[in-house]
Amino acid sequence: MNTAPAAVPAFDVARIRKDFPILGQQVHGKPLVYLDNAATAQKPKAVLDCIAKVYTEDYANVHRGVHTLSQRATELFEGAREKVQRHLNARHSHEIVFTRGTTEAINLVAQSYGRPRFKAGDEILITAMEHHSNIVPWQMLCEQTGAVLKVVPIDRTGTLELDRFEALLSNRTRLLAVAHMSNALGTINPVETLIEQAHRRGVPVLVDGAQAIPHMAVDVQALDCDFYAFSGHKLYGPAGIGILYGKEELLNKMPPYQGGGDMIRRVTFEKTEYNTLPYKFEAGTPSIVDAIALGAAIDYVNGIGMETIAGHEQRLLAYATEQALRIPGLELFGQAAEKGAILSFTLHRIHPHDIGTILDHLGIAIRAGHHCAMPVMDFFGIPATARASFGLYNTFEEVDALIAGIHKVIEVFG
Amino acid sequence: MLDQIRDLYQEVVFDHNRNPRNFRVMEDANRTVEGFNPLCGDRITLYVKIDDAGVIRDVSFQGSGCAISTASASLMTEIVRNMHESEAHALFETFHRIATGKDDAVNLEELGKLAVLAGVRAYPARVKCATLAWHSLEAALENQETTVTTE
Ligand SMILES: Cc1ncc(COP(=O)(O)O)c(C=O)c1O
């Protein structure tokens, strides 16, 4: 018998792939190579089973019933909130608000934090690499309040220009909203530094963690961010559920975002007393099972370990980058020093759409388009890129398939 | 496997993509329309010269797009020249019906030269690429008040 302490298990990607039933299929007669993880990630059996189990055994509405099922569902739902709290290392579970996704979380902050406070001439600072969902809610807020949107530029490698950031941070800046990781370029922003500098001027910071959350450990207390938003579906969890983390003292000062059931303590026709955190922000019946299954997804990634996942993906990215740069006519967009597992590229005289269609015929799923980051495309003067994005279940063989596929595209287009 | 893809990317498509016809600004166009596919960011500027009798005298385009949208625009400029606008409209209707797969009894002969693009019906995500130029032409022919004149 082997009595020695078990070694840290090596990252066994073949075993991990077995956890994802969807990956076993063929597309156009070829094994599916799923490289569209930045758009949404596939779900492990643990998540699928969790959804089936809760609907089969434990489902009822939450926070409302004295009956057994309702209590069980409530316990699971609140248990999921605590899993999110621990995953983000938030101080309190009531700092975790369930939303529909990143988009709703950002809109919540814009409307509940920004709208009552911001005045004409106030400035909201974002960056040139934001996803539309971290641009448009602020533009809407600017229209409503007269505030002005300011944009920190990026350089040709897709790195944020830090000196410009410092220059743009002014006495009028009321909020910084920044992506932790860019979905179009892969850039990982130095959010810790940005937050520290913003806080020195008393500016609160919202971090859009939609892309970062599946790729790295996030500690909101260490970052000291004021808000952190992410979506369950990119973290191998269900679509339709997302998270807004907010510091208690800020959330307490914010009015509810929507009115309805669950967000109140007492209603008369004269006056309504709002519920406490986080329920104040969770009007109506939430996406109960999706929230619980997000907890299962968090357990799943933690079972592997975020450091282990990050290490595997970084090796994939390094290998893919090295291979891709050898392809004549391939241009890579996003070559920041700190980068997540995203390869955004164009081929000389071949449109990304055509690349996408031909790769699909080889069983390879990538994204072709502007990736909801049109300002990034405009900055580089291109209409679109092809984007391969990696997740914990991708393999070196899949990188090889992608590279061979790109060669095939070039061959077809002659 | 790549044989299938040749249904979509026929040699004619590659040819028009590499050497788009009527790819130029038309200074004396009397209708100019900006076509835009917000899904993929493809843009096209379509220039049309139409006479008082409603006959399309000249069509040209500029812009950037995928092989399907470029070839479709290029082919269209060749096909609709000297057509009456009602004929061009009818051809688009037929093409649209076939491209969107609404027509099971596909009669490619109706399409003439456009038949090379009928392969898009197996690629729902690409139908918009093939029809962008045509939608722009429709706008040029229909919304006379809102189109820009360069006179
Ligand atoms: C950086 C970034 N922010 C925000 C979002 C929006 O997320 P959702 O559509 O899940 O709300 C995405 C999704 O693509 C993203 O990549």
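The values are calculated or read from the model by the stated rules, or taken from the named source; none is laboratory data. Every value quoted in this text rests on a predicted model; they were computed, and no experiment measured them. All Cβ positions, even for glycine, are placed from backbone atoms using ideal geometry, and neighbour counts span all protein chains on display. The area values use the complete protein model at the heavy-atom level, side chains included, leaving out ligands, DNA and RNA. Shrake-Rupley method; radii C 1.70, N 1.55, O 1.52, S 1.80 Å.
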query: Which loop chymotrypsin sites (Phe, Trp or Tyr not before Pro) in the stretch A:13-98, with loop taken from DSSP, have no more than 10 other Cβ atoms within 10 angstrom of their Cβ?
result: none
field: Shape of chain A, Cα gyration tensor, a/c cut at 1.5
entry: oblate
- request: Could you pull out the longest piece of chain B with no exposed loop trypsin sites (Lys or Arg not before Pro) in it, calling a site exposed if DSSP puts it outside H, G, I, E, B and it has at most 14 other Cβ atoms within 10 Å?
  value: B:25-101
field: Total accessible area lost when A and B pair, probe 1.4 Å, Å² to nearest 100
entry: 1700
message: On a 25 Å Cα-Cα criterion, which of the cross-link pairs A:Lys339/B:Lys128; B:Lys102/B:Lys128; A:Lys43/A:Lys253; A:Lys119/A:Lys271; A:Lys45/A:Lys247 come out too long?
response: A:Lys339/B:Lys128; A:Lys43/A:Lys253; A:Lys119/A:Lys271; A:Lys45/A:Lys247
- request: Round to a whole angstrom and tell me the spacing of the C-alpha centers of the stretch A:321-378 and the stretch A:231-271.
  value: 37
Bridge type composition, chain A - antiparallel percent by DSSP, nearest 5: 60
query: Ignoring ligands, DNA and RNA, what percent of the 1.4 Å accessible area of the stretch B:1-134 is carbon and sulfur?
result: 49
query: How many angstrom separate the Cα center of the stretch A:389-413 from the Cα center of the stretch A:26-92?
result: 31
- prompt: Are there GluC sites (Glu not before Pro) in the stretch B:1-99 that DSSP puts in a loop and that have at most 13 other Cβ atoms within 10 Å, and which ones?
  reply: B:Glu27
- prompt: What longest region of chain A stays clear of trypsin sites (Lys or Arg not before Pro) that DSSP places outside H, G, I, E and B and that have at most 16 other Cβ atoms within 10 Å?
  reply: A:202-270
query: Taking each residue of A:354-362 in turn, how many C-beta atoms of other protein chains fall within 10 Å of its C-beta, and what is the average?
result: 5
statement: In the neighbourhood of A:Asn302 defined by beta carbon distances under 15 Å, the net charge of the other residues (Lys, Arg +1; Asp, Glu -1) is -3
field: Pairwise FRET efficiency - B:Gln62 versus A:Asp224, Cβ, R0 = 41 Å, nearest 0.05
entry: 0.25
